[in-house]
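Engineer: I have a structure here, written as structure tokens, and I will follow up with some questions on it.
The values are calculated or read from the model by the stated rules, or taken from the named source; none is laboratory data. Every value quoted in this text rests on a predicted model; they were computed, and no experiment measured them. Note that we place each Cβ from the backbone using ideal geometry, even for glycine, and neighbour counts take in every protein chain shown.
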Amino acid sequence: MRPPMPQINPNTKTMKLLAYPLTLIAAILLASCNAKIDRHALVSRHNPRITAVDSLSSLSVGNGNFAFTVDITGLQTFPEQYSQGVPLGTQSVWGWHSFPNDSNYVLEDVLRPYNLKRGRDETYPVGRRGQGRHSDAVDYLRANMHRMHLGTIGLELTDSAGNPTPTDSITAIDQRLDMWKGVIKSSFSVSGIPVEVSTLSHPERDMVAGEVVSDLIPTGKLALRLRFPYPTGQHTDDACDWEKLNRHSSRIIRKDDRQLIIERTLDTTKYYVNVCWEGGMDVNEKEPHYFVLTPSGKDAKFTVEFTPTMPDSVTPSFDASLAATERHWKNFWQSGGAVDLSGSTDPRADELERRIVLSQYLTAIQCSGNEPPQETGLTYNSWHGKFHLEMHWWHAVHFALWGRPELLERSMPWYTEAAPAAKATAERQGFDGVRWMKMTDPTGEESPSDIGPFLVWQQPHYIYMAELLYRQNPSEETITKYKNLVFETADFMASFVSYDSLNNRYILKGLIPAQEMMRPEETVNPPFELSYWHYGLSVAQQWRERSGLARNQKWDDIIDKLSVLAQKDGLYLTAESAPQTYHDRRFTSDHMAVLGAYGILPGNRLFESETMSNTLDWIWDNWNWGHTWGWDFPMVAMCAARLGEPDKAVDALLMDKRTNTYLPNGHNYQNNTLRIYLPGNGGLLSAVAMMCAGWDGQDTDAPGFPKDGKWKVKWEGLRPMP
């Protein structure tokens with residue numbers, strides 16, 4: 001079903017329509033005659049319901065810059081029990097910490113020269129090398145900065161003797177996340193006495209609002225609890241060190257009958273916790289970093305806001321926050337795209353629809369902030385809480401495709417802030433423009449690794465995302481906002497290729513591709529990177545023309561002479577330098593990135609669709625699917641859709657593999673370390689948008705779904721992919 005008419009300003013209607021291929025304009029104009037999707041029913045039928053303690057089923061509220069994850073009590077009552085599941089995180093985009101740098105480690109300590117056959121040495125911040133300062137510096141620089149857990153807000157549940165209530169004493173559990181309202185409702189009993197908890201996150205503040213109702217409160221067996229940990233600095237964990245009590249301070253700096261402000265100091269990091277309530281509340285500092293707040297009645301309403309600077313006012317009340325939250329989420333669900341599969345008879349349709357709805361919610365609260373997100377969002381730390389720019393496509397591109405470009409735009413200014421560091425990297429290595437880093441933090445500093453600094457497929461992402469934003473708003477304002485970094489991004493790409501005079505072509509070498517199984521000294525012409533270079537430089541030329549500039553002749557020469565994808569026996573290789581691909585298990589694991597060359601990206605002269613189709617079939621039958629990642633499945637789906645194989649596209653999205661598992665809370669599970677993986681959720685949404693709204697140059701309705709009568713696909717508000 002075609003989408004309804006997009007919202008178009010009459011004064012700019014022609015300009016906006018021209019941003020789309022002509023084959024799609026008629027379909028968009030005709031779409032308004034179709035019935036609207038009942039969005040409330042669509043969202044509500046997939047509200048998660050939890051009826052037992054399950055550490056992998058914790059639920060979250062948030063706003064993109066802040067998230068708060070709860071257990072079955074609706075708060076963070078049992079953080080230790082959930083630490084090996086989906087941990088009970090409280091995180092914000094500004095919440096970073098570094099351990100003291102007593103040895104004054106700097107990036108230069110981990111730089112090592114590499115001869116990658118470009119006529120000069122290039123320095124890269126590589127991983128550990130034996131003992132000594134280099135090795136110690138690697139450990140420090142990878143772990144710092146790291147994201148902080150800002151503090152747990154839980155229930156202080158005790159028995160008559162004052163002993164803590166264990167999880168197995170909690171019965172009659174019934175917890176629901178109402179995604180339409182953005183509120184978690186939790187009910188349970190302790191010793192037969194009911195407890196009702198409502199939890200939400202304010203849509204514009206780093207603030208939790210809650211209400212607890214129970215006859216247990218007057219008995220003294222139920223109170224509120226605040227606990228604050230010290231960071232661990234570990235690679236992947238809940239970031240909670242409860243043992244180092246003397247390494248940080250939690251100091252009450254204001255307390256009256258309605259408000260408590262706690263100043264948190266961790267080394268050179270400082271932030272504040274502003275607690276407000278209604279009615280009477282007794283405050284007791286039980287232990288260092290451990291505060292118990294005992295309400296005077298059986299109905300306790302409270303708010304807890306986290307701020308990087310001293311708060312200057314009382315926070316909005318629970319009721320005001322609830323009203324703001326409900327308005328926010330109603331507006332969210334009523335805007336942008338929607339996909340309704342309820343009329344389908346394929347037995348997998350309900351599960352696919354569930355994943356789609358929950359992924360929209362999770363990426364909105366975890367991935368739409370002012371910085372690119374880490375792969376585990378704002379729930380718990382992975383890679384020390386740092387974010388990976390090659391994953392930004394997977395986290396955020398779908399926002400534009402689902403008609404919510406403003407959620408992608410939030411993180412784009414970070415690139416401007418990081419540009420000086422990216423330019424310094426390019427200059428250090430002898431390249432032009434800006435070289436976008438792989439694993440980084442708010443500073444834009446590179447992180448040492450034997451893989452990350454050699455990746456380049458994050459480089460054209462900025463151009464791709466800027467182009468999507470231009471399609472949504474083809475204006476001078478958009479061009480002015482993004483053109484400089486589009487050009488500098490392309491300048492690096494043009495200087496990174498090498499000219500092969502013997503064959504009169506340009507090649508890519510001296511890199512590790514998206515399929516991270518190859519060495520930079522040996523790798524030549526990986527297929528996805530080649531195709532992305534062709535796309536990125538081609539789009540950058542369009543941006544020059546839109547800006548009133550002449551085309552860049554060097555870029556055109558590269559576009560015309562870029563190497564075609566290498567093949568052998570009718571199949572595309574993982575790299576021209578890896579002809580043994582199909583006889584070596586190492587090259588049939590990890591990401592099957594060759595399919596991204598025609599899936600994530602549109603077609604170009606570098607490949608033939610018949611050979612790509614043969615490659616898809618071979619990968620489908622022979623790949624080591626046990627060694628894949630969550631975004632690999634939507635990548636396969638996008639390639640299959642473009643190749644006219646919708647059955648494979650749907651089968652890929654629903655393939656029964658561990659890394660394609662979606663938990664009851666909607667999170668994409670990978671393994672016992674990465675229990676959530678948001679690039680999988682974002683990739684699913686991008687693939688579904690493409691499978692419904694199509695891509696440039698095609699005009700079939702829902703081209704990524706089989707036309708076998710089993711799939712009834714209603715969709716609206718989606719945008720086609722390039």
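Engineer: What single numbered condition from (1) without any contact (Cβ under 8 Å) to a residue 40 or more places away in the chain; (2) more than 27 Å from the chain's Cα centre (by Cα) fails to hold for P288?
Structural biologist: Result: P288 passes all but (1).
Engineer: Looking only at segment 672-679, decide whether some residue is in the same structural domain as E353 (by TED's automatic domain parsing) and in a helix (DSSP H, G or I). Steps first, answer last, please.
Structural biologist: First pass over segment 672-679, keeping only residues in the same structural domain as E353 (by TED's automatic domain parsing): 672-679.
Checking the rest, the ones that are also in a helix (DSSP H, G or I) come to 678-679.
There is at least one residue in segment 672-679 that is in the same structural domain as E353 (by TED's automatic domain parsing) and in a helix (DSSP H, G or I).
Engineer: With respect to T661, determine if the residue is touching a strand residue (DSSP E or B) at 6+ places or on another chain (Cβ under 7 Å) and closer than 30 Å to Q234 by Cβ.
Structural biologist: Working: touching a strand residue (DSSP E or B) at 6+ places or on another chain (Cβ under 7 Å): yes; closer than 30 Å to Q234 by Cβ: yes.
Taking the combined requirement at face value, the residue satisfies it.
Engineer: Those residues that are surrounded by fewer than 22 Cβ atoms within 10 Å (Cβ to Cβ) and among the hydrophobic types (A, V, I, L, M, F, W, C), I need them from segment 644-669; list them, please.
Structural biologist: L654, M655, L663
Engineer: State which residue pairs qualify: first residue of a type in the set (K, R) and inside segment 545-560, second residue loosely packed, with under 14 Cβ neighbours inside 10 Å in any location, beta carbons under 8 Å apart, and separation of 6 or more residues or different chains.
Structural biologist: Close Cβ pairs (under 8 Å, with a partner that is loosely packed, with under 14 Cβ neighbours inside 10 Å) amount to R551/E545.
Engineer: With the requirement that a residue be closer than 16 Å to L88 by Cβ and of a type in the set (F, W, Y), what does segment 376-396 give you?
Structural biologist: Y380
Engineer: Out of all the residues in segment 131-152, is one or more over 29 Å from F387 (Cβ atoms), outside the structural domain of V70 (by TED's automatic domain parsing) and assigned to a loop (DSSP other than H, G, I, E, B)?
Structural biologist: So the first thing to find is which residues in segment 131-152 are over 29 Å from F387 (Cβ atoms), and the list is 131-132.
Of the ones still in play, those that are also outside the structural domain of V70 (by TED's automatic domain parsing) are 131-132.
Filter once more, keeping what is assigned to a loop (DSSP other than H, G, I, E, B): 131-132.
For segment 131-152, residues over 29 Å from F387 (Cβ atoms), outside the structural domain of V70 (by TED's automatic domain parsing) and assigned to a loop (DSSP other than H, G, I, E, B): present.
Engineer: I'm trying to understand the selection: among the residues of segment 106-137, which are closer than 23 Å to N381 by Cα and either touching an Asp or Glu at 6+ places or on another chain (Cβ under 8 Å) or among the small types (G, A, S) (or both)?
Structural biologist: L107, P125, V126, G127, R128, S135, A137
Engineer: Does T167 satisfy the condition of being modelled with pLDDT under 95 and within 34 Å of the chain's Cα centre (by Cα)?
Structural biologist: Working: modelled with pLDDT under 95: yes; within 34 Å of the chain's Cα centre (by Cα): yes.
So T167 fits the description; yes.
Engineer: Same structure again: Give me a count of the residues in segment 100-137 that are more than 22 Å from M518 (Cα to Cα) and crowded, with 17+ Cβ neighbours inside 10 Å.
Structural biologist: 5
Engineer: Of all residues in segment 110-130, how many are over 21 Å from H235 (Cα atoms) and outside any strand (DSSP E or B)?
Structural biologist: 5
Engineer: Tell me, which strands (runs of 3 or more DSSP E) wholly within segment 256-331 include 3 or more residues that are out of contact with any Cys (no Cβ under 9 Å at 6 or more places or on another chain) and of a type in the set (D, E)?
Structural biologist: Details: elements: 259-266, 269-277, 281-287, 290-295, 299-307.
Output list reads 281-287.
Results for (1) within 17 Å of A400 (Cα to Cα); (2) polar (S, T, N, Q), shown as yes or no for each residue.
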| residue | (1), (2) |
| --- | --- |
| M465 | yes, no |
| N473 | yes, yes |
| N484 | no, yes |
| E488 | no, no |
| M493 | no, no |
| S498 | no, yes |
| L502 | no, no |
| L508 | no, no |
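Engineer: Further question on the same structure: Quickly run through segment 639-661 and pick out the residues that are β-branched (V, I, T) and in a helix (DSSP H, G or I). Working first, answer last.
Structural biologist: Our first condition is that a residue be β-branched (V, I, T); within segment 639-661, this holds for 650, 659, 661.
Within segment 639-661, V650, T659 qualify.
Engineer: Determine whether M517 is modelled with pLDDT under 95 and either in contact with a Ser or Thr (Cβ under 9 Å, 6 or more places away or on another chain) or crowded, with 19+ Cβ neighbours inside 10 Å (or both). Walk me through how you get there before you give the answer.
Structural biologist: On the way: modelled with pLDDT under 95: yes; either in contact with a Ser or Thr (Cβ under 9 Å, 6 or more places away or on another chain) or crowded, with 19+ Cβ neighbours inside 10 Å (or both): yes.
In short, yes.
Engineer: Condition first: of a type in the set (D, E, K, R) and assigned to a loop (DSSP other than H, G, I, E, B). Now tell me which residues in segment 212-254 satisfy that. Lay out the reasoning, then the answer.
Structural biologist: Here is the first cut: in segment 212-254, the residues of a type in the set (D, E, K, R) are 215, 221, 225, 227, 237-238, 241, 243-244, 247, 251, 254.
Listed by number, the residues that qualify are D215, K221, D238, E243, K244.
Engineer: Considering S313, S359, S335, S321, which residue is at pLDDT 95 or above, of a type in the set (G, A, S) and more than 25 Å from T379 (Cα to Cα)? Break it down into steps so the answer makes sense when it comes.
Structural biologist: Details: S313 fails: at pLDDT 95 or above; S359 fails: more than 25 Å from T379 (Cα to Cα); S321 fails: more than 25 Å from T379 (Cα to Cα).
From the options S313, S359, S335, S321, the qualifying one is S335.
Engineer: Now, a different point. Of all residues in segment 562-594, how many are touching a residue at least 60 places away in the same chain (Cβ under 8 Å) and part of a helix (DSSP H, G or I)?
Structural biologist: The total comes to 4.
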